[in-house]
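To start, the structure under review is shown below, and the notes come after it.
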Amino acid sequence: MEQLQNKVAELFEKGTISLMIGFQDGMSKGAVPCFVESVEQVKLLIYNSYCKNNLAVYLHKPEVKQAKKVGIFGNVATLRSILQLLSENQFWNIELTVMTINANQEFILFESIAEVEKYVQANFPQLTDEEKELIEKINTMSRQERWEYWKDLFSTCIKCYACRAVCPMCYCPQCTVESNQPQWIKVSAQTSGNMEWHTMRAMHLAGRCINCGECGRICPVGIPVHLLTAKMNLDLSKEFGSKTGYSASNGYALNSFNPNDKEGFIR
Amino acid sequence: MSQFEPKIVAFVCNWCTYAGADLAGTSRAKYATNVRIIRFPCTGRIDFMLLMKAFQNGSDGIIISGCHPNDCHYTSGNFHARRRWMVFRSLIEFMGFDTERITFSWVSAAEGAKWADLVNEVTTKVRELGPFTEFKNLDYNSFNQLDNGAITK
């Protein structure tokens with residue numbers, strides 16, 4: 001922890017960063033995101049097992065982009081989001097300094113994006129057993145059961161769009177769900193509109209989602225929405241070999257094609 | 001009671017399938033009248049949200065059709081579309097959506113007969129499947145938990 005604070009203080013003094021996104025102590029137990037703007041505030045920064053949020057989501061905020069030189073601290077999922085966003089040319093106007101703490105609790109400050117790539121590729125995360133099990137469970141259900149399963153879950157959705165707000169990949173200034181001419185998705189939180197919303201979200205994130213699981217974790221009514229995008233990712237990597245957040249020059253599977261793509265349903 | 005007549009929406013590309021449907025017409029091929037054709041510049045333009053919208057507005061089946069691979073007027077529109085459909089189809093299948101109701105096909109401008117056959121086949125299939133009430137009933141069930149029976153019309 002001290003190493004983190006010292007290093008960040010050093011970066012501030014050198015002028016490498018003018019804003020640091022990290023964690024500070026939250027209310028009771030836990031950690032909340034914090035924005036450090038000067039050396040004096042560096043003492044706030046902490047690291048513990050509660051630091052799970054994907055801080056990459058803040059990198060799109062105009063206030064953060066204004067800072068130009070941004071330091072960010074995060075786990076592998078965060079690093080993956082940063083790489084994926086870099087491959088989507090999102091950070092052309094800010095300089096990033098990335099740091100992490102590895103599995104042995106050692107602090108790492110990356111000198112370049114190439115180093116981040118190397119680290120992510122060496123520690124490329126897989127789906128958790130829990131997620132795999134749930135996907136497997138849903139896959140083995142009959143179509144009717146799957147429909148009922150998702151229907152029950154989606155009927156509880158209150159359309160708070162927390163899943164969108166927390167997602168580092170959802171950065172469109174105007175989302176399709178807010179478009180009202182035409183009204184693509186019903187405004188009220190009815191099951192059919194909810195289902196459309198989640199279908200749309202999963203489709204727009206297919207091949208871009210980096211499986212951080214934030215959307216499922218944040219959902220106030222406990223819908224495992226991250227399963228949809230996780231399933232998409234499994235399919236995409238199987239069929240097109242796409243690996244999201246693997247490098248800063250990743251393509252986007254749905255933005256490219258292969259004339260030899262195999263499908264069995266088009267007549 | 002009269003026989004159920006399905007409403008089928010066809011999203012077709014301007015250059016191949018629309019011309020194919022035109023050919024079916026000029027060659028006086030007879031096919032089911034249940035289909036409503038919507039013309040698009042290219043299959044690459046057919047957004048998945050349009051399919052959702054069609055189901056939302058009460059269509060019972062959907063046909064999506066365009067140029068054969070390698071025949072796209074814009075070189076690669078149908079290749080992109082194909083990838084998108086592969087992903088979309090596996091997603092809605094995972095969500096338990098009835099994928100039987102969406103038919104994907106390649107129909108070229110010369111295949112008027114294939115188009116007529118396709119429409120007939122899909123109409124027969126959807127007629128057997130019956131009205132698509134699953135999607136419409138979603139809201140009734142969530143609003144009125146006491147009304148356990150499905151509203152079918």
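Every number in this text was worked out from the coordinates using simple rules, so none of it is lab data. Because the structure is a prediction, the values reported are computed rather than measured. As a convention, Cβ positions derive from the backbone with ideal geometry for all residues, glycine included, and neighbour counts pool all protein chains shown.
Tabulated values for the structure
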item	result
Selection from the range B:53-77 of residues that are buried (at least 22 other Cβ atoms within 10 Å of the Cβ), within 11 Å of chain A (Cβ to nearest Cβ) and closer than 22 Å to B:Glu121 by Cα	B:Phe55, B:Ile63, B:Ile64, B:Ser65, B:Gly66
The lone exception for A:Phe23 - which of (1) surrounded by 20 or more Cβ atoms within 10 Å (Cβ to Cβ); (2) more than 20 Å from A:Pro173 (Cβ to Cβ); (3) touching a helix residue (DSSP H, G or I) at 6+ places or on another chain (Cβ under 7 Å) it fails	(3)
Within the range B:31-59, tally of residues that are touching a strand residue (DSSP E or B) at 6+ places or on another chain (Cβ under 6 Å) and hydroxyl-bearing (Ser, Thr, Tyr)	2
Positions within the range B:82-113 being part of a helix (DSSP H, G or I), more than 9 Å from chain A (Cβ to nearest Cβ) and buried (at least 20 other Cβ atoms within 10 Å of the Cβ), in sequence order	B:Arg101, B:Gly112
Any hit, the range A:154-171, residues being in contact with a helix residue (DSSP H, G or I) (Cβ under 8 Å, 6 or more places away or on another chain), of a type in the set (Ser, Thr, Tyr) and not in a loop (DSSP other than H, G, I, E, B)	no
Qualifying residue in the range B:16-34 (condition: in contact (Cβ under 8 Å) with a residue 60 or more places away in the chain, outside any helix (DSSP H, G or I), within 14 Å of chain A (Cβ to nearest Cβ) and crowded, with 17+ Cβ neighbours inside 10 Å)	yes
Residue match in the range A:246-263 (condition: farther than 30 Å from A:Ile82 by Cβ and either more than 7 Å from chain B (Cβ to nearest Cβ) or among the hydrophobic types (A, V, I, L, M, F, W, C) (or both))	yes
Set A:Asn123, A:Asn139, A:Asn180, A:Asn194: member being under 18 Å from the mean Cα position of the chain (by Cα) and either surrounded by fewer than 19 Cβ atoms within 10 Å (Cβ to Cβ) or within 14 Å of chain B (Cβ to nearest Cβ) (or both)	A:Asn123
